[in-house]
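Here is the structure we will look at.
The values are calculated or read from the model by the stated rules, or taken from the named source; none is laboratory data. This is a predicted model, so every value here is computed, not measured. Cβ atoms come from the backbone with ideal geometry, glycine included; neighbour counts cover every protein chain shown. Remember, those area values only see protein heavy atoms, side chains included, never the ligands or the DNA or RNA. Shrake-Rupley method; radii C 1.70, N 1.55, O 1.52, S 1.80 Å.
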Amino acid sequence: MESGVSAGGQAPAPSLGLGLHRFPNGCTPLSHQVAGHKYGKSELGMLQHPDGTVLKQLQPPPRGPREMNFYNMVFGSSCHDHVFLELRKFLPKFLGTWAPTTAPNELYLKLEDVTRRFSKPCIMDVKIGKKSYDPDASAEKIQQQISKYPLMEEIGFLVLGMRVYQFSSDSYVAFDQRYGRGLTKETLKEGLSKFFHNGSYLRKDAVAASIQEIENILHWFERQSNLCFYASSLLFVYEGSSELTATGDSHGSLKPAAPKGMRRTGELMEYNNNIHMMGSTENGMVEATVGQSLSNMYALHRKGCFRAHQSVIPLQLKNAEQDHGICKCLTLISAGQPNGNEIKQLEKDFIHTSSMLPEPPEVVVRMIDFAHVFPSNTKDEEYIYGLKHLISVLQNMLDD
């Protein structure tokens, strides 16, 4: 794992002894590495730089140089290829290389820590693809990799590790590679769902947002035929202590993230039979005119997407007055065009209720581990297969 494996807001991990002594620049061993990747002579794994970035020691050739070349190709100032420019948004930011003053020949990749802005990050590392060995692998290496997880070719991904915040106990539970390799076709959905379970209920909001993130990566893969990725992973991070966790119901029927490209302009969206109001800013102001929002509401109703007589609300509101405001807002939408008085009442109730709904969960999915990236002239079908199967498993969680 490259980036985003520390737990922001948590106490630092116990010193491993070599960290501070070996790196006088103030670097420390990166705590809470969910996949346990360790490289280099020190066997410390990832390091945390004092500036908040993550340091990954360059692996021995050919893996280390290949990974560094990949980052330089994608993030280089001379890069103008639209395929690579688009790829940047799916990777942790690459900030060059770094070496300790005491060992200038030991090179590290300097990367963004994508968990830094999270308070209680839930983290998962999932290896993607039908093969975990590259085209240069020896017969012995191929057999070794297959034996680690024989179902890789059929399932298309492998959970390398995860660390999940339990809201009720204010603690973390962790699962290592042995857990992931123990998952079968029959237990895969249940095993993967543990990453989205906060100890009380399934965080369906985080599942829905994760699907959207993976779909964006899938769309990139379906349009490119420049590269093939082997033994590469997706890093998932979502906030475990958000207000959504505190206010969600036992079924986790929370407001999902807005689809990519949708402006948060006071629109209404229906998801899994839950009505979700979109559009409140941090200061409670609605960004777009309420009239535009009401037009969208009415259009949804006319299409049959808006069920005004269902007593369904997106979140458990704090008191009966808020409940009444939501219900009144819904029932005022009649079979015909709302009149002027109804419009005014809808505007009033919409502003009142939408400003109280929390923001959707922040979910980050980044591609990591690029020591086995090879040039290609065809689509990376094996990686695409893994992404699609992962999406289908997550979608089944929402459908249950």
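Structure summary
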read-out: Hey, Arg203 at pLDDT 95 or above and among the basic types (Lys, Arg) or not; value: yes
read-out: Identity of the residue in the range 66-85, open to solvent by less than 50 Å² (accessible area, probe 1.4 Å) and of a type outside the set (Phe, Trp, Tyr), that ends up farthest from Ser376 (Cα to Cα); value: Gly76
read-out: The range 151-186, residues that are farther than 22 Å from Ile384 by Cα and of a type in the set (S, T, N, Q); value: Gln166, Ser168, Ser169, Ser171, Gln177
read-out: Lone unmet requirement of (1) β-branched (Val, Ile, Thr); (2) out of contact with any Phe, Trp or Tyr (no Cβ under 9 Å at 6 or more places or on another chain); (3) open to solvent by 30 Å² or more (accessible area, probe 1.4 Å) for Val173; value: (2)
read-out: Cβ pairs under 9 Å, 6+ apart, first in the range 109-135 and over 19 Å from Lys56 (Cβ atoms) and polar (S, T, N, Q), second open to solvent by 10 Å² or more (accessible area, probe 1.4 Å) and at pLDDT below 95; value: Ser119/Gly8; Ser119/Gly9; Ser119/Ser241; Ser119/Ser242
read-out: Which numbered condition Val164 misses (of (1) more than 29 Å from Phe84 (Cα to Cα); (2) part of a helix (DSSP H, G or I); (3) within 17 Å of the chain's Cα centre (by Cα)); value: (2)
read-out: Test: residue in the range 179-186 that is among the aromatic types (Phe, Trp, Tyr) and buried (at least 18 other Cβ atoms within 10 Å of the Cβ); value: no
read-out: Breaking point among (1) in contact with a strand residue (DSSP E or B) (Cβ under 8 Å, 6 or more places away or on another chain); (2) under 25 Å from Leu192 (Cα atoms), for Thr97; value: (2)
read-out: Tally, over the range 134-161, of residues that are surrounded by 19 or more Cβ atoms within 10 Å (Cβ to Cβ) and assigned to a loop (DSSP other than H, G, I, E, B); value: 3
read-out: Enumeration of residues in the range 380-400 that are farther than 14 Å from Val207 by Cα and outside any loop (DSSP other than H, G, I, E, B); value: Glu381, Glu382, Tyr383, Ile384, Tyr385, Gly386, Leu387, Lys388, His389
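Let's see how each residue does on (1) assigned to a strand (DSSP E or B); (2) closer than 16 Å to Leu111 by Cβ; (3) modelled with pLDDT under 95:
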site	(1), (2), (3)
Ala35	no, yes, yes
Tyr39	no, yes, yes
Ser42	no, no, yes
Tyr71	no, yes, no
Arg88	no, yes, no
Thr97	yes, yes, no
